[in-house]
Structure formats: C-alpha cells, structure tokens
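Asker: First, the structure itself, so that you have it in front of you.
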Amino acid sequence: LAARAGQETLQLYRPSMGEVYRRRFQLVTQFRQAVEQGDIVVHYQPKVRLSDDEVIGAEALVRWSHPEFGLVSPAEFVEAIETTGSIEILLEHVLDIVLAQIQAWTARDRRLSVSVNLSMRNLLAERFLETVAGQLERYGVPPELLLFEITESSVMARPEVSLPVLRDLANLGVQLSVDDFGTGYSSLAYLRRLPIDEMKIDKSFVQGMATDMGDHAIVKAIVELAHNLGLVVVAEGVEGAETKTMLEKMGCDQMQGFLLSRPLPVDKFETWLKTRASVGDDPGGDIDPLR
Ligand code: C2E
Ligand code: MG
Ligand code: MG
Ligand code: MG
C-alpha cells in the first residue's frame with residue numbers, strides 16, 4: 001500500500017505503517033464530506049481513433065483534491081472506500097459530473113463518449129441498475145455515449161454474479177468495456193458470453209511493447225482476439241510515438257496515453273481539443289502529476 005500510495009515521492013518519504021493507516025482512516029472517514037465540498041473531481045483523458053486521429057471520447061478519472069494530502073490518486077482512495085457504502089456515492093457523483101458534461105457537449109454539437117470506471121462493489125450494489133437508468137434519464141443523455149469499464153480481474157472474480165448484471169446494464173444501451181485486459185485470468189469461453197463492446201489492453205504490455213518482444217506479441221494477440229470476437233480494442237498507456245506506429249500496424253482501433261495527453265480538468269481538456277496539440281506534447285504535465 002505504501003509503495004502504491006504516492007508513487008515516486010513515497011519511496012523517499014517512507015511513512016510508517018501507523019501513518020499509512022492513519023491516512024487511510026482519514027480518507028475513509030472524510031470521503032462523504034469531500035464529495036459535498038466538491039473536492040472529488042473528474043479529469044478527462046482523450047481517446048483517439050487510430051485510423052483517422054479523431055478524438056472520439058474520453059475516460060473520466062477521478063481525483064481527490066485533499067486539503068492536507070494534495071491530489072490523491074484513485075488507486076489509493078478507491079480501494080480504501082470500497083469496503084464502505086461510499087463507493088456507491090462515488091459512482092453517483094462521477095455519473096452526475098460526467099452525464100452533465102456529455103449533455104453540455106451534445107448541446108454544443110460535440111459528440112463525445114465518456115468512459116466511467118466501475119468497481120465490482122458497484123455492480124453488486126442493490127440499487128446499481130436503478131441508479132444508472134435514473135441518471136441517464138434525468139440528464140437525457142443517449143445511453144450509447146456512456147461506457148462503463150470494469151477490470152478483467154473483477155469481472156472474472158465472480159462471473160456468475162457479474163454476468164446477469166452486465167446483461168441488464170447492456171440492455172440499458174450503454175457500452176461495456178473490459179479494462180486492464182491481460183492481467184486477469186479470463187476463460188475465453190466465458191469472455192465470449194460477456195455482453196461487451198470493447199477491450200482495453202493493460203498498459204503494462206503497451207508500455208513494454210516497443211522494447212520487449214514478449215509484450216509486443218501479447219498486444220498483437222489481444223488485438224486479434226478482440227477483433228475475432230467483434231470487439232473494439234483500445235491500447236492504454238501509450239507514451240511513445242514508436243508504440244503508436246506499432247499499434248497502427250497491428251490494426252488496433254483506439255489509443256489513450258500521455259503521448260496524446262494526460263488526464264485533464266475539463267477546461268484544459270476543452271482547450272486541448274481545440275488546439276489539438278501536436279503529438280508528443282504533454283499539456284497536462286504540470287496539472288495532473290498522478291500516474
Ligand atoms: P484505469 O482505469 O486502468 O486508468 C488508467 C490509469 O493509467 C489512470 O491512472 C491514468 O491516469 C493512467 N495513464 C493513462 N495514460 C498513461 C500513460 O501513458 N502512462 C502511464 N504511466 N499512465 C497512464 P489513475 O487516474 O491514477 O487511475 C488509476 C485507477 O483508478 C484506474 O485505472 C481505475 O481503475 C481507478 N479509477 C479511476 N477513476 C475511478 C472511478 O471514478 N471509480 C472507480 N471505481 N475507479 C476509478
Ligand atoms: Mg479505466
Ligand atoms: Mg451493447
Ligand atoms: Mg486500465
């Protein structure tokens with residue numbers, strides 16, 4: 001936990017276990033108030049289609065702008081609140097922000113889809129489908145502009161539970177994506193039965209593919225598997241131009257990564273969209289230090 005908590009900085013800082021638990025306890029107990037105060041914010045990372053370089057959407061990535069700890073990564077606090085009912089509050093909050101944003105873009109004739117990350121806990125919550133359906137209706141957003149990402153490891157952890165919920169979710173007309181693909185233990189027979197539209201290749205393979213033949217082979221195999229299953233395939237964590245070229249050659253459909261842009265607050269994201277900074281620029285470097 002300590003190693004993951006603050007990434008590079010914590011390696012120098014090395015909090016004691018006591019401090020780690022204190023911080024975790026604070027995050028859990030302060031979460032609801034943080035939502036009310038507007039300290040839980042959403043950043044957007046563009047998703048680009050490789051065939052024509054079009055920005056077709058964005059992934060919504062949540063951040064906690066904490067008065068004491070600074071910008072806290074979801075990798076730290078999502079896990080901390082997962083064991084509490086707060087994970088449902090997080091999803092409702094993120095959906096409120098995202099659906100209002102899609103609505104605003106649609107009103108301005110900018111058709112962008114937005115991907116929202118789900119925790120397995122969200123799928124298991126009793127009012128989950130009701131909440132999603134209700135919010136879609138409230139904001140009048142075409143359901144196909146909303147994507148839900150669920151990690152391969154959580155879908156596969158309890159397939160008998162997740163499958164019926166995913167089917168109901170798909171029936172609402174939203175799109176479904178399997179995140180961090182390649183790191184879990186998918187049964188291919190089971191995967192084929194999931195009502196999914198998209199597969200996201202885990203960034204560990206994408207980051208290694210330019211230098212590691214094994215990673216290159218895995219990415220290529222996932223692109224083929226996805227296409228054979230009729231799915232859109234997205235590479236995340238694209239940092240180098242060479243990686244992008246390789247993905248284009250493989251026929252990968254979409255990409256996300258620091259090469260294009262870091263996750264950005266919405267105003268910066270809109271500026272990025274307008275200027276469409278040339279490849280290689282990293283406009284969010286000073287804005288979103290989270291990795
Ligand atoms: P994820 O959904 O796999 O998101 C991708 C992560 O990779 C994000 O980290 C993103 O900032 C980072 N990333 C994107 N491009 C690059 C790149 O080129 N290089 C590198 N090194 N990293 C890149 P982030 O924002 O810290 O999010 C971590 C995880 O937290 C997410 O992984 C997702 O599982 C979870 N998460 C984020 N937002 C939410 C949310 O609203 N709800 C839930 N339940 N989980 C969330
Ligand atoms: Mg994701
Ligand atoms: Mg569908
Ligand atoms: Mg991922």
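Asker: Could you say whether any residue in the stretch 40-60 is over 27 Å from residue 232 (Cα atoms) and crowded, with 16+ Cβ neighbours inside 10 Å?
Answerer: Yes, the conditions are met somewhere in the stretch 40-60.
Asker: Evaluate the stretch 208-229: report whether one residue or more is within 16 Å of ligand 2 (Cβ to nearest atom), crowded, with 22+ Cβ neighbours inside 10 Å and either in a loop (DSSP other than H, G, I, E, B) or of a type in the set (Phe, Trp, Tyr) (or both).
Answerer: No, the conditions are met nowhere in the stretch 208-229.
Asker: Which count do you get for residues in the stretch 129-146 that are surrounded by fewer than 20 Cβ atoms within 10 Å (Cβ to Cβ) and either acidic (Asp, Glu) or in contact (Cβ under 8 Å) with a residue 40 or more places away in the chain (or both)?
Answerer: Qualifying residue count for the region: 7.
Asker: Being basic (Lys, Arg) and within 13 Å of ligand 1 (Cβ to nearest atom) is the filter here; which residues of the stretch 158-195 pass it?
Answerer: none
Asker: Just one of (1) assigned to a helix (DSSP H, G or I); (2) more than 15 Å from ligand 4 (Cβ to nearest atom); (3) within 26 Å of residue 132 (Cα to Cα); (4) not small (Gly, Ala, Ser) trips up residue 195, so point out which.
Answerer: Evaluating residue 195 over (1) assigned to a helix (DSSP H, G or I); (2) more than 15 Å from ligand 4 (Cβ to nearest atom); (3) within 26 Å of residue 132 (Cα to Cα); (4) not small (Gly, Ala, Ser) leaves (1) as the failure.
Asker: Same structure, new question: Look through the stretch 183-195, keep the residues that are open to solvent by less than 60 Å² (accessible area, probe 1.4 Å) and touching an Asp or Glu at 6+ places or on another chain (Cβ under 7 Å), and return whichever of them is farthest from ligand 3 (Cβ to nearest atom).
Answerer: Per the stated criteria, the residue is 184.
Asker: I've got another one for you. Just to check your reading of the model, which residue among 168, 180 is open to solvent by 40 Å² or more (accessible area, probe 1.4 Å) and more than 26 Å from residue 235 (Cα to Cα)?
Answerer: 168
Asker: Next question. For the stretch 252-271, which residues satisfy the criterion of being outside any helix (DSSP H, G or I), over 15 Å from the mean Cα position of the chain (by Cα) and aliphatic (A, V, I, L, M)?
Answerer: Scanning the stretch 252-271 gives 259, 260.
Asker: Further question: What's the number of the condition residue 249 fails, among (1) modelled with pLDDT of 95 or more; (2) open to solvent by 40 Å² or more (accessible area, probe 1.4 Å); (3) of a type outside the set (S, T, N, Q); (4) not in a helix (DSSP H, G or I)?
Answerer: Condition (4) is where residue 249 drops out.
Asker: Pairs needed: first member in the stretch 16-27, touching a residue at least 12 places away in the same chain (Cβ under 8 Å); second member anywhere, open to solvent by less than 50 Å² (accessible area, probe 1.4 Å); C-beta distance under 6 Å; at least 6 residues apart or different chains.
Answerer: 20/2; 24/80; 27/77; 27/80
Asker: Does any residue in the stretch 192-207 that is over 15 Å from residue 174 (Cα atoms) and among the hydrophobic types (A, V, I, L, M, F, W, C) come within less than 9 Å, Cβ to Cβ, of a residue that is open to solvent by 60 Å² or more (accessible area, probe 1.4 Å) and within 12 Å of ligand 4 (Cβ to nearest atom) six or more places away or on a different chain, and which pairs are these?
Answerer: Listed by first residue and then by second, the contacts come to 205/183.
Asker: Right, another one. Can you tell which of 198, 152 is closer than 24 Å to residue 102 by Cα, within 16 Å of ligand 1 (Cβ to nearest atom) and buried (at least 16 other Cβ atoms within 10 Å of the Cβ)?
Answerer: Among 198, 152, only 198 is closer than 24 Å to residue 102 by Cα, within 16 Å of ligand 1 (Cβ to nearest atom) and buried (at least 16 other Cβ atoms within 10 Å of the Cβ).
Asker: If you go through the stretch 258-281 one residue at a time, do you hit one that is modelled with pLDDT under 95, surrounded by 14 or more Cβ atoms within 10 Å (Cβ to Cβ), of a type outside the set (A, V, I, L, M) and within 30 Å of residue 66 (Cβ to Cβ)?
Answerer: Yes, the conditions are met somewhere in the stretch 258-281.
The values are calculated or read from the model by the stated rules, or taken from the named source; none is laboratory data. These numbers come from a predicted model, not from an experiment. Here the Cβ is made from the backbone with ideal geometry for all residues, glycine too, and neighbour counts use every protein chain on show. Areas reflect the complete protein model, heavy atoms only, side chains present, ligands, DNA and RNA absent. Shrake-Rupley method; radii C 1.70, N 1.55, O 1.52, S 1.80 Å.
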